[in-house]
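Below is one structure, written out as structure tokens, with a few remarks after it.
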Amino acid sequence: MATKVVMEALSPTMEEGRLVKWNKNEGDQIKSGDILAEVETDKAVMELVARGDGVLRKRLANEGDASPVGTLLAVIAAPDENIDSIVGSAGAGAGASGQAAQSGGASQSAGSAAQAVADTKESTSKSAVPQAPAQSQGEASTPPQQKAGGQGAPPSAAPRPAPGAPSRPAAPRPPAAAAPAAPKGNGSSRPAAPAAGGRQRSSPLARRLATERGIQLGGIQGTGPGGRIVKRDIENAKAAGVAAGRSAAAARLATEGDFKDVALTQIRKTIAKRLTESNGPIPTFFLTAEFDATRAAELRIQLAEMGDEYKASFNDIVIKAVALALAEHPEVNAHWLGDKIRQFNRIHVAMAVAIEDGLITPVLFDADQMTLWDISAKARDLAGRARERKLMPEEYTGSTFSVSNLGMFGIDQFTAIINPPETGILAVGRAEDKAVFVDGQVVMRKRLRLTMSCDHRAVDGAVGARFLQTLGRMIENPLMLVY
Amino acid sequence: MAVLTYRDALTQALREELQRDDRVFLMGEEVAQYNGAYKVSKGLLDEFGPMRIVDTPITELGFAGVGVGAAMVGLRPIVEFMTWNFALLALDEVVNAAAKMLYMSGGQYKMPMVFRGPNGAALQLAGQHSQAWESWLAHIPGLKVLTPGTPADAKGLLKSAIRDDNPVVFLEGEMLYNVKGEVPEGEHIVPIGVAELKREGDHCSVITHGKMVLVAMKVADDLAKEGINIDVVDLRTVRPMDVEAISRSVQKTNRAVVLEEGWEICGMGSQVVDFIQRECFDDLDAPVLRVHQEEVPMPYAKNLERAAKPDAGKTVKAIRKVMYLD
């Protein structure tokens, strides 16, 4: 039985993905769980895993192609199985990749359209695997005029999985565990239906929770009857963190001639889209203040003298101070939601990390509860893995406030762009030695410039200023951070 | 608060409503001189006289029809069936006359009447006299179907039923008449169509009504000792059904067991499950299970009767199953 390989939603916000590299060639023997390809999502490079056994009969996407979620990328089938109808239907579902040409191209006559629909019907009935529920739903909601020739055939072969909740779940299913028997004493005469082609079962609640938390069901072993993934499995997966590493980074393209064309990567597109969204509709204002960071600098030296494991950067100190200041100013620890402002009780501080071709904002969850030592260790870990692009989606989503630091590049001060729906971001400049007046004397002090960008729809000037005041008090008296 | 039997709570409701409104009258087999087959009308003949407490011949279809006629001309009859098993003979009046009169007369005739009596099984009354009819009756647009499971609800719902301008089916229970509980005195009204959360817990919802409320409460007590806390949703009215109360509970617990006295196929529970799948699809962590009478006419033999009835053991088993504990 043929298994379709489609572009899966590998992150909560993914709408399309770029196929970075095929790991398998046509003709290769495939087992369920094998890594077929690497796919670049809007944030990271993730693995595309086989959901069925057989031979990789056909690859329909080329390395470098970007395809919307749901697009057919390849077909896994038995060596002698006829897959023409599945391959032929590739263009009909997504209409994006070059495969549309195979089913008649852009100017399809009515006759060939009907043919494509008929093919689709055949292919869906052949690949009985996972589409059953999606298809019956699609059929029920298909307006009659979309059905060709009164055949009642569903128009699309490639149902689009919901983000984070693939409708083509992975194959692993306990082999011996049959479907749950109808409860005894319940008088039920329904036979236990066998699982169709190794579909992974999950409760509706489990699917909803997985979507909400950005967890892939494919990597989870269900503990319910017949291997059904239930609520507790999602909760355990959340605790353990489902491994979904990636292998090699995208291969560098060789450069030729006087110039080099650089294609827009997914992350670059996302940055452009998001930041335009930000500077356009968000009425932003900026507050800059300079604080005395002498004591903070002394604290850093003292910590470093205690040993490498106690080292903390200026950024760590600022993040800790921000978290504590946010606890006193919940009106700044907020999201603008269009029709309301949501102030958070918990404080999740995102820190902008520069990576090879963009930036990403891993999150320090409950940063106000973390010790400086915790923040330092966690920030190092997150930044390191961000640069290797190994962050899990749940590690870079869910922040309530952000901090961006360009001090290490010698930037005195700058303005950062708000990451919506957050209502504020703090830009940290470098700490530099300056001559300042203290008690009528000119003395040398470490000075640090902080600039806060505020979404005026949620945060007024005085509110932001009071927050900065609290923050400054913390930084100037770093004992408050450990008190 | 006074502790009364379910029987005395009903008598109290009847007396108060007979006193309150002289259009209200009670009729049925043995309701007057014999004080009622189950003594629900005890003392009422002496207090209200033979014009208001009326003995009828053994003619269910006949006196149900008299009741319909009386309601059409402005009285507020309460028709007692000795049991709902006998009421099968009167269903034409209940279903074809009472339930449809307002609609088919274009709103000219209200039907302010109550059909009441014991429903479901007692002990060893065998196949013909041990049946729970609520799903038959709740199927009919135009009827309201009430199934009180406690003395307080029996009083409060009967008063609401008598004051309602629509035909109300009021299902009591022979095994409930001696159950005791606190009953508020005087003007205690339980609104029709409103369920009550009789016990609160996070682990599983048990949705039930009528006689099975007692079973659910016992299950709740037993499971609490194991650290399993269940929501007991007492529907109290099965038509109209309080869908919001059901959803609220299931959205909290993510799993449900529906417990009823009648049979499985087209039982009250199938309707509850339908509401749950519609309103709570994304909240469910397990299929909803049902506990009900086995699919046989009620056996006479004591041991077989016990095996055929829904009970605490079967309910616990279903709860453990939807919690993935077994």
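Over chain B, what is the relative contact order in percent, taking alpha-carbon pairs closer than 8 angstrom and at least six residues apart?
Worked out over chain B, it gives 16 percent.
Are there GluC sites (Glu not before Pro) in the range A:370-440 that DSSP marks as loop and that have at most 16 other Cβ atoms within 10 Å, and which are they?
Working: sites: A:E388, A:E394, A:E395, A:E422, A:E432; in loops: A:E388.
Passing both the DSSP loop test and the Cβ count: A:E388.
Across the residues of B:285-296, average count of Cβ atoms on other protein chains within 10 Å? Mind dumping the intermediate values first?
On the way: counts 14, 9, 5, 0, 4, 4, 4, 3, 1, 3, 3, 1.
Going residue by residue through B:285-296 and averaging, the value is 4.
Are there trypsin sites (Lys or Arg not before Pro) in the range A:425-454 that DSSP marks as loop and that have at most 12 other Cβ atoms within 10 Å, and which are they?
none
Skipping prolines and chain starts, which residues have an amide H placed within reach, meaning under 5 Å, of the one on A:L364, given they are 5 or more residues away or on another chain?
Those qualifying (amide H under 5 Å, at least 5 residues apart or on another chain) are A:V349, A:A350, A:M351.
Quantify how much of the Cα-Cα distance distribution of the range B:163-301 extends past 27 Å, in percent. Could the numbers behind the result be given before it?
Numbers: 2175 of 9591 pairs.
In whole percent, the share of Cα-Cα pairs in the range B:163-301 beyond 27 Å is 23.
Tell me the chymotrypsin sites (Phe, Trp or Tyr not before Pro) within the range A:318-392 that lie in a loop according to DSSP and have at most 12 other beta-carbon atoms within 10 Å.
Of the chymotrypsin sites (Phe, Trp or Tyr not before Pro), not one in the loops of the range A:318-392 has a Cβ with at most 12 other Cβ atoms within 10 Å.
Given R₀ = 35 Å, what would the calculated FRET efficiency be for B:R306 paired with B:E187, taking r from the Cβ atoms and rounding to 0.05?
Details: r = 41 Å, r/R0 = 1.17.
My answer for the efficiency is 0.30.
Residue by residue through the range A:400-416, which ³J(HN,Hα) values in whole Hz follow from phi under the Karplus form 6.51 cos²θ - 1.76 cosθ + 1.60 (θ = phi - 60°), with glycine and proline marked x?
Residue by residue, the range A:400-416 yields 10, 7, 10, 10, 10, 10, 10, x, 5, 9, x, 7, 6, 7, 7, 10, 9 Hz.
With 5 Å bins from zero, work out the P(r) of the range A:403-446 over every alpha carbon pair and list the percent per bin.
All Cα pairs considered, the percentages come to 6, 22, 17, 14, 14, 13, 8, 4, 2, 0.
Rounded to whole Å and sorted largest first, what semi-axes of the equivalent ellipsoid does the C-alpha gyration tensor of the range A:420-465 yield via the square root of 5 times each eigenvalue?
31, 13, 4
With everything on Cα atoms, drop me the angle between helix B:312-322 and the longest principal axis of chain B, reported from 0 to 90° to the nearest 10.
The two axes meet at around 50 degrees.
Which FRET efficiency value, to the nearest 0.05, do you get for A:N236 and B:D165 by plugging their Cβ-Cβ distance into 1/(1 + (r/R0)^6) with R0 = 41 Å?
0.15
Any idea how far apart A:R457 and A:F286 come out in nm if each label point goes 7 Å out from Cα toward Cβ?
2.1 nm
Take the range B:133-192, compute every pairwise Cα distance, and split them into 10 Å bins from 0; I just need the percent in each bin.
Per 10 Å bin, starting at 0, the Cα pair percentages come out as 23, 50, 25, 2.
Once you place label points 7 Å from the Cα toward the Cβ at B:Q19 and A:R466, how far apart are they in nm?
About 6.2 nm separates the two model spin labels.
By how many degrees, between 0 and 90 and to the nearest 10, does the Cα long axis of helix B:268-279 differ from the longest principal axis of chain B?
That helix lies at roughly 60 degrees to the long axis.
So, counting K/R as plus one and D/E as minus one, what does the shell of residues with Cβ under 11 Å around B:E185 add up to?
Computed value for this residue: -2.
For the range B:220-284, what D do you get in µm² per second when you plug the Kirkwood radius from alpha-carbon pairs into Stokes-Einstein at 37 °C and 0.692 mPa s?
The diffusion coefficient I find is 258 µm²/s.
Average partner chain C-beta neighbours within 10 Å, per residue of A:200-209?
On the way: counts 0, 0, 1, 9, 9, 10, 3, 1, 5, 3.
Taking all residues of A:200-209 together, the mean is 4.
Along each principal axis of its Cα atoms, how long is chain B end to end? Whole angstroms, biggest number first, please.
60, 44, 41
For labels at A:Q369 and A:K21 in the simple 7 Å Cα→Cβ model, what's the distance in nm?
Between A:Q369 and A:K21, the label points sit 3.9 nm apart.
Under a 5 Å amide H to amide H cut-off, with H placed in plane at 1.01 Å, what residues pair with A:T3 once short-range neighbours are removed?
Under 5 Å from the amide H of A:T3: A:I76, A:A77.
R0 = 41 Å: FRET efficiency of B:A122 with A:Q221, Cβ-based, nearest 0.05?
0.25
Here, each number is a calculation from the coordinates, and none is a lab measurement. What you are looking at is a predicted structure, and each value in this text was computed from that prediction instead of being measured. Every residue, glycine as well, gets a Cβ built from its backbone with ideal geometry; the counts of neighbours run over all protein chains shown.
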